[in-house]
Amino acid sequence: MMAKTIKEIEHTLYRKNSKMRTERFGKSLTFLAVVLTAAITAAILFLVFSKGLSTFIMNDGSVKDFFTGTTWNPAEVNSLGKPIIGALPFIVGSLAITGISALIAGPLAIGAAIFMSEIAPNAGKRIMQPVIELLVGIPSVVYGFIGLSVVVPFLRDLFPGSGFGIAAGTIVLSVMILPTVTSLALDAIQSVPRSLREASLALGSTRWQMICKVVLKTAKPGLLMAIIFGMARAFGEALAVQMVIGNASVIPHSLFEPASTITSILTMGMGYTVMGQVENNALWSLALILLLMSLFFTIIVRMIGKGKSA
Amino acid sequence: MNVVESIERSVIQTEDLQFYYNTHHALKNINLKFEEKKITALIGPSGCGKSTFLRTMNRMNDLIPGVRTEGAIWIGNENITEPSIDPVELRKKVGMVFQHASVFPFSIYENIAYGPRTHGERNKKVLDEIVEENLRAAALWDEVKDHLDHPATGLSGGQQQRLTIARTLATKPEILLMDEPTSALDPISTAKVEDLIRTLKERYTIIIVTHNMQQAARISDFTAFFLNGEVKEYGQTATLFTNPLFSETKDYIAGKFG
Ligand SMILES: Nc1ncnc2c1ncn2[C@@H]1O[C@H](COP(=O)(O)OP(=O)(O)OP(=O)(O)O)[C@@H](O)[C@H]1O
Ligand SMILES: [Mg+2]
């Protein structure tokens, strides 16, 4: 009896050893992956920061001009001998398009999520969920192409102007981020525990009161996160926007005039500049803004996430 | 089943109540009378239908698809199983406390004010009074009065359960249904909630599900023993516990099964 127990222990020890070996191998493998990811991220950050800042350090560009100037012509210098790098029109364009898209897509997405989870869960699961998953997977160039062939002509017929502009960009982007935001909002709403819904109903509230005062209120951090994810996506989207916004580097006076965004200027300009030149560095500065913005969105999402778990 | 004492002044009476989850016959022929301002304990082994029965009385089972109720539940002179009865109005009259304290992730104040607010109370002063009165009634006021604006989720389990009781009281019910309200609590919190339930008897008709025989014996006036969806035995708690009619009742109380 005793001997057998010892044998068993030896046996498990031996087995553990071989297990430990695979475990160590797995650990090193994942560690390598982590190191690699970190190294690549660091390299990208270094590149964007060093290139983006060199506009101001090497080429003597003015940070104030960059954020407040309205003319973009990095190849030329102004009367002070500084490159003309007024990025305000693009910054305004990007912020406008992102903000308005969120204002349109946010309520629609939350409405759709409520419908799918509270009003018609069966139809929601069977029909809407697959449709949304399909929509999430459509490449942005397709959205842009549809925008170019449908939205732009439509706006041209209804409003004065060419149809290109912030309005067209906003419509395309709203539709594009809608599925993502809806599916995140749905997750947030569905994660509200059933016990809270039942408690609300048991207190004599109607279904709508339950949805508005308990479900939405409880899901609020998650819903905000969904909208911010959508905004991050809208802010960073280049292709679809560039196809419909008109690409004029001026601050537009209406939503129906050609404008541009940081991303559209980047994609438009990339092919025509040479590495190391001031025109190229100026584009890196725009890339730096994009990077900082996405960092900003990530931090907000993090903060909301923390607040939620606390 | 066997009604030992004929019960006068009953506010709730069920008549041949049947309940089905799709094809599963979960409640069979329930005929019970509940007396006003008394505590009735529902006991019985797991899965015998106690929660189901409780939830027929405030129509919470309506939320589950494919269920069917037959027979009648009279509250006063209304049969609340009728489709014409608005469950929202019914639930204002018949409050429910759940096994796991389901406090809303709002402040303590907002938790109590939730019911009255949804019923249309807007006056801040009235709400303040309601909050204080019901926290006092739930013996929680002294513990939380200085931080009513703190999140309710920060309270201890026992405090949370008393908060959900206060929250239910704030909707001014006449009848309180409690489904194992202390099963997730430690002995001290349990004692506090039990004390609370005893004081509430003065104002409310209480039906409480419990797996704790001592608790049923301590706090209830009447006890109904459920078995396989039926009421096996019903009577005054003292009688049922000391002198049960059926051997099943005796065995269950003695802890031989369940
Ligand atoms: N939503 C549901 N759908 C289908 N069947 C259910 C549902 N809820 C309960 N039942 C079944 O009905 C029967 C009674 O369940 P109920 O929850 O009322 O028992 P209980 O006496 O409260 O048990 P416990 O003491 O474990 O809480 C059980 O057989 C259970 O499986
Ligand atoms: Mg139960």
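The values are calculated or read from the model by the stated rules, or taken from the named source; none is laboratory data. As the structure is a prediction and not an experimental result, all values here were calculated from the model. Here the Cβ is made from the backbone with ideal geometry for all residues, glycine too, and neighbour counts use every protein chain on show.
Observations on the model:
For (1) more than 23 Å from the chain's Cα centre (by Cα); (2) charged (D, E, K, R); (3) within 14 Å of chain A (Cβ to nearest Cβ); (4) part of a loop (DSSP other than H, G, I, E, B), each residue gets a yes or a no:
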{"position": "B:102", "(1), (2), (3), (4)": "no, no, yes, yes"}
{"position": "B:111", "(1), (2), (3), (4)": "no, no, yes, no"}
{"position": "B:125", "(1), (2), (3), (4)": "yes, yes, no, no"}
{"position": "B:129", "(1), (2), (3), (4)": "yes, yes, no, no"}
{"position": "B:145", "(1), (2), (3), (4)": "yes, yes, no, no"}
{"position": "B:153", "(1), (2), (3), (4)": "no, no, yes, no"}
{"position": "B:161", "(1), (2), (3), (4)": "no, no, yes, no"}
{"position": "B:166", "(1), (2), (3), (4)": "no, no, yes, no"}
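- Qualifying positions in the stretch B:181-209 - within 16 Å of ligand 1 (Cβ to nearest atom) and either modelled with pLDDT of 95 or more or within 14 Å of chain A (Cβ to nearest Cβ) (or both): B:181, B:184, B:207, B:208, B:209
- Any chance residue B:19 is modelled with pLDDT of 95 or more and touching a helix residue (DSSP H, G or I) at 6+ places or on another chain (Cβ under 9 Å): yes
- Exclusive hit being within 14 Å of the chain's Cα centre (by Cα), charged (D, E, K, R) and either within 16 Å of ligand 1 (Cβ to nearest atom) or assigned to a loop (DSSP other than H, G, I, E, B) (or both), set B:28, B:37: B:37
- With respect to the conditions (1) touching a strand residue (DSSP E or B) at 6+ places or on another chain (Cβ under 8 Å); (2) within 13 Å of chain A (Cβ to nearest Cβ); (3) modelled with pLDDT under 95, residue B:54 lacks only one, and its number is (3).
- Test for residue B:119: is it away from ligand 2 (no atom under 16 Å from the Cβ) and within 14 Å of chain A (Cβ to nearest Cβ): yes
- Restricting the stretch B:212-244 to residues that are in a helix (DSSP H, G or I) and over 18 Å from the mean Cα position of the chain (by Cα), the residue that is surrounded by the most Cβ atoms within 10 Å (Cβ to Cβ) is B:240.
- Options A:107, A:89; residue that is surrounded by fewer than 13 Cβ atoms within 10 Å (Cβ to Cβ), modelled with pLDDT of 90 or more and part of a helix (DSSP H, G or I): A:107
- The stretch A:259-279: number of residues that are crowded, with 20+ Cβ neighbours inside 10 Å, of a type outside the set (Val, Ile, Thr) and either in contact with a Ser or Thr (Cβ under 8 Å, 6 or more places away or on another chain) or not in a helix (DSSP H, G or I) (or both): 2
- Within the stretch B:72-86, one or more residues are farther than 14 Å from residue B:231 by Cα, touching a helix residue (DSSP H, G or I) at 6+ places or on another chain (Cβ under 7 Å), away from ligand 1 (no atom under 14 Å from the Cβ) and within 14 Å of chain A (Cβ to nearest Cβ).
- Residue A:215 fulfils the conditions (1) more than 30 Å from residue B:93 (Cβ to Cβ); (2) within 14 Å of chain B (Cβ to nearest Cβ); (3) in contact with an Asp or Glu (Cβ under 8 Å, 6 or more places away or on another chain) except for a single criterion, (1).
- Whichever residue in the stretch B:192-211 is outside any strand (DSSP E or B) and within 16 Å of ligand 2 (Cβ to nearest atom) and, among such residues, is surrounded by the fewest Cβ atoms within 10 Å (Cβ to Cβ): B:211
- For the stretch A:301-310, a residue qualifies if it is modelled with pLDDT of 80 or more and exposed (fewer than 15 other Cβ atoms within 10 Å of the Cβ), and the qualifying residues are A:302, A:303, A:305, A:306.
- The sole residue among A:200, A:183, A:195, A:205 that is more than 30 Å from residue B:87 (Cα to Cα) and of a type in the set (Ser, Thr, Tyr) is A:183.
- Odd one out for residue A:210, checked against (1) of a type in the set (A, V, I, L, M); (2) within 10 Å of another protein chain (Cβ to nearest Cβ); (3) within 27 Å of the chain's Cα centre (by Cα): (3)
- Residue B:46 touching a residue at least 24 places away in the same chain (Cβ under 8 Å), farther than 21 Å from residue A:197 by Cα and small (Gly, Ala, Ser): yes
- Verdict on residue A:186 being surrounded by fewer than 23 Cβ atoms within 10 Å (Cβ to Cβ) and either under 26 Å from residue B:116 (Cα atoms) or in contact (Cβ under 8 Å) with a residue 12 or more places away in the chain (or both): no
- Looking only at residues of the stretch B:65-78 that are away from ligand 2 (no atom under 16 Å from the Cβ) and surrounded by 15 or more Cβ atoms within 10 Å (Cβ to Cβ), we find that the one that is nearest to residue B:94 (Cα to Cα) is B:75.
- Scanning the stretch B:23-64 for residues that are basic (Lys, Arg) and more than 15 Å from ligand 2 (Cβ to nearest atom) yields B:28, B:33, B:37, B:38, B:59.
- Residue within the stretch B:237-245 that is within 13 Å of ligand 1 (Cβ to nearest atom), touching a strand residue (DSSP E or B) at 6+ places or on another chain (Cβ under 7 Å) and farther than 17 Å from residue B:34 by Cβ present: no
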